[in-house]
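Before any comments, here is the structure.
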Amino acid sequence: MADIESLLKEKRSFKPSAEFVKNANWNKRTVDEYRKLGAKNPERFWAKMAKENVSWFTPWKKVLQWKPPAAKWFVGGKLNVSYNCLDRHLVGENAWRRNKAAIIWEGEPGDTRVLTFGELHREVCKFANVLKGLGVKKGNRIALYMPMIPELAIATLACTRIGAIHSVVFGGFSAEALRDRIEDAGAHVVVTADGGYRKGVPHALKPAVDEAVAGLDVVEHVVVVKRTGEEVAWESARDHWWHDLMQEASAKCAPAKLDSEHPLFILYTSGTTGKPKGILHTTGGYLTHVTTTAKALFDLNETDTYWCTADIGWITGHSYVIYGILANGVTSLMYEGVPTHPAPDRFWDIIERHRVSIFYTAPTAIRTFVRLGDEHPQKHDLSSLRLLGSVGEPINPEAWMWYHRIIGGRRCPIVDTWWQTETGGIMITPLPAATETKPGSATLPFPGIDADVYTEEGVPANPPDGGFLVIKKPWPGMLRGIWGDPERFKETYWSKYENTYFAGDGAHRDSKGYFWIMGRIDDVMNISGHRIGTMEVESALVSNVKVAESAVVGRPDEITGTAIVAFVTPKGGVTSNDDLARELREHVAKHIGAIARPADIRFTDALPKTRSGKIMRRLLRDIASGKETVGDTSTLEDYSVIARLREADEG
């Protein structure tokens, strides 16, 4: 198999401003020192981070025990995640944080709540006691199927307080997908809500739970938060209202002293077919990784209001809505609904009203905002912003530039981050006061992370040749396994290259050593013997001023092996016709070469996306190939998109 070719060229670069550098937590000197230490002795680097950023009840005896692919970090150390996120902000020199906002929450209808660190501590202790009252013990699994409401953060932290293992299931999953995850984890308790709000209407959750747990003997209790007030079916022996249980609960609950390798949570990757993979993370290494990376690359300080738009049902929400942010004593904003309700400027309105200073969102959301037009953010005062972030998939250079100009006012550094559910925390990222950024590049590995790009044969690729992204040494936030399936863990992540983590992403490095993520290996197309990543073709399309968003897939072709099919959403006011299609094909050929010229361009007003904002390319491949859609579509945001695409295809 040929290695992946990199065809896209990007020459623009941006240095951090003198003002930002002056006040940053990690300046260039600090970063250079940590990079040297992390390269020479990663264990010593991570031990230093663990001492500085995490509170321990008992110190560890050994930093790392590595018997590939099994890793143990901070062996013998004892700690508690809930204590790190809450209790330590209520005592000693940090006691003033008791009355500082921990969570600012806004519901889609416009209702708001603020929980101080003191109030959040009280609620977490009460729900920890609720769980104990339901018979939950250390090591038991708890499934959380909830909207983005404060009770979800409270429930996760309550689990960590008593050593229960939480498994958050995104509220957009179907009853069948929820049942699979409850069964696989063996969850004794399910915490849910009557529903949440989406696009202005109540979105029911309790009926899906009722269907999912029907006949499941493992589930003993279902706890329900009253959010929408919609009527729900009730089984009195099994179901409990959250508010009734909390009314009787004590607000005192000492944090359990847990081993560093005690299981913290299981998070299922949203595979399209087959059995879901329950990614297991443990306590000490994970907390060290997310607390350190959050502090360094978001440049967190006491006055920040930080907003990550991810749902807690995904790893980004775990690591950088709750744990990494609250452990640093920083205010985290949560929003329940969609970015465009009741108007296309909802996000910018929230930033203006709450004076958000750090904003972390997905490239798909950014591209949606590009399509909606500059006038929506320009109606709002976004001057409170001082740093922007990107997460979830590679960001194309033109979306990066729009983010830089329109949202960041050309003054905010952008941290374009690469990481995965499996890595636990951010792995490759700019450090905002020390890294010269390039639009579309995640730049360099975080100190202590040893990343590389390998050829098929397992040797480092010569820049700028593309290959497979790998991590060569263990890191604290790394997954400890797939729940209940150690063989699948080895086969999926550790079998391609000996003792080396295989990320499943294509990448290349430039002459400066910067990493450019080229998308999932599954999305690489083989065109006349050339392996080309979809991300580069999409970036070329979006660099045309008439294009708001694009998704590229391959379909079988008798001559070339695979033909490129591009689904394109034009900007408002642009006419979709054969002339535009020809223009875009030539635009791609000019920017990255004739080999990448799309065979077909199909115009659409919207692309099929999950509710987390990721484009469902599998569905587009089915449409491009004339197949019926197969696999799980339960996370699809708007089913009508598929129908419209099929109609256009048939027309």
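If the chain between ALA606 and ARG644 were fully stretched, how many nm would it gain, using 0.36 nm times the residue separation less the Cα-Cα distance?
Difference between extended and current length: 12.8 nm.
How far is helix 363-372 tilted, in degrees, relative to the longest principal axis of the Cα atoms in the chain, given as a value from 0 to 90 rounded to the nearest 10?
Approximately 60 degrees, to the nearest 10.
Add -39500 (n - 2.57) for each DSSP H run of 4 or more in the chain, then divide by its residues: what number comes out at 222 nm, to the nearest 500 deg cm²/dmol?
Dividing the helical sum by the residues of the chain leaves -8500 deg cm²/dmol.
Need one number: convex hull volume per residue for the chain, Cα atoms only, in Å³. Don't skip to the answer; put the middle values down first.
On the way: hull volume 96.7 nm³, N = 651.
Hull volume over Cα atoms, normalised by residue count, gives 149 Å³.
Based on the Cβ-Cβ distance of SER17 and GLU93, what FRET efficiency does E = 1/(1 + (r/R0)^6) give at R0 = 35 Å, to the nearest 0.05?
0.65
What is the angle, in °, between the Cα long axis of helix 117-133 and the longest principal axis of the Cα atoms in the chain? Nearest 10 is fine, range 0 to 90.
In the chain, helix 117-133 runs at an angle near 70 degrees to the longest axis.
Would you calculate the separation in nanometres between label points at THR112 and GLU183, each defined as 7 Å from the Cα along the Cα-to-beta-carbon direction?
It is 4.5 nm.
Mind sorting THR364, THR575 by how few other Cβ atoms lie within 10 Å of their own Cβ, fewest first?
Ranked by crowding around the Cβ, least crowded first: THR575, THR364.
Taking a threshold of 18 Å on the Cα-Cα distance, which of the pairs LYS379/LYS438; LYS11/LYS438; LYS9/LYS512; LYS490/LYS614; LYS132/LYS257; LYS257/LYS277 fall above it?
LYS379/LYS438; LYS490/LYS614; LYS257/LYS277
Multiply the residue separation of ALA594 and ASN301 by 0.36 nm, subtract the distance between their alpha-carbon atoms, and state the gained length in nm to one decimal. Intermediate results must be reported in sequence, preceding the final value.
Numbers: separation 293, 0.36 × 293 = 105.48 nm, distance 4.86 nm.
100.6 nm is the gain from fully extending ALA594 to ASN301.
If I measure Cβ to Cβ between cysteines in the chain, which ones have no partner under 4.7 Å?
Flagged as lacking a Cys partner: CYS85, CYS159, CYS308, CYS412.
What do you get for trypsin sites (Lys or Arg not before Pro) in region 186-262 restricted to DSSP loop and a cutoff of at most 16 other Cβ within 10 Å of the site's Cβ? Can you show the working numbers first?
Details: sites: ARG198, LYS199, LYS226, ARG227, ARG238, LYS252, LYS257; in loops: LYS199, LYS226, ARG227, ARG238, LYS252, LYS257.
Those satisfying the criteria are LYS199, LYS226, ARG238, LYS252, LYS257.
What's the center-to-center distance, using Cα atoms, between region 115-170 and region 329-408 in Å?
Cα centroid of region 115-170 versus Cα centroid of region 329-408: 30 Å apart.
Enter the angle in degrees (range 0 to 90, nearest 10) between the Cα long axis of helix 150-162 and the first principal axis of the Cα atoms of the chain, meaning the one along which they spread out most.
60 degrees
Give me LEU300, LEU205, LEU90 sorted ascending by neighbouring Cβ count inside 10 Å, so fewest comes first. Mind showing how you got there, number by number?
Values: LEU300 22, LEU205 26, LEU90 16.
Least to most surrounded, the residues fall as LEU90, LEU300, LEU205.
Using DSSP, restrict attention to beta bridges with both residues in region 114-256 and report what percent are antiparallel, rounded to the nearest 5. Mind dumping the intermediate values first?
Details: 4 of 21 bridges.
The answer is about 20 percent antiparallel.
Choose one of ALA177, HIS376, GLY484: the residue whose Cα lies farthest towards the positive end of the charge dipole of the chain (beta-carbon charges +1 Lys, Arg; -1 Asp, Glu; about the Cα centre).
Farthest along the dipole direction, towards plus: GLY484.
In square nanometres, what is one fourth of the surface area of the convex hull spanned by the alpha carbons of region 114-256?
Its average projected convex-hull area is 8.3 nm².
For region 205-218, take each phi angle, set θ = phi - 60°, evaluate the Karplus expression 6.51 cos²θ - 1.76 cosθ + 1.60, and give the result in whole Hz per residue in order, putting x for glycine and proline.
10, 4, x, 5, 5, 4, 5, 5, 9, 4, x, 8, 5, 5
Arrange LYS546, LYS138 by Cβ neighbour counts within 10 Å, fewest through most, would you?
Fewest to most other Cβ atoms nearby, the residues stand as LYS138, LYS546.
For region 307-380, report the translational diffusion coefficient in µm²/s to the nearest whole number, using Stokes-Einstein at 37 °C, 0.692 mPa s, and a Kirkwood Rh over Cα pairs. Provide the component values of the computation, followed by the final result.
Working: Rh = 13.0 Å.
Rounded to a whole number, D works out at 252 µm²/s.
Using a Förster distance of 41 Å, how high is the FRET efficiency between ARG582 and GLU375, based on the Cβ-Cβ distance and rounded to 0.05? Mind dumping the intermediate values first?
Details: r = 30 Å, r/R0 = 0.73.
Taking R0 as 41 Å, the efficiency between ARG582 and GLU375 is 0.85.
Every number here is computed from the coordinates shown, using simple stated rules; none is lab data. Predicted model only: the values in this text are computed from it and were never measured. Note: ideal-geometry Cβ built from the backbone for every residue, glycine included; neighbour counts use all protein chains shown.
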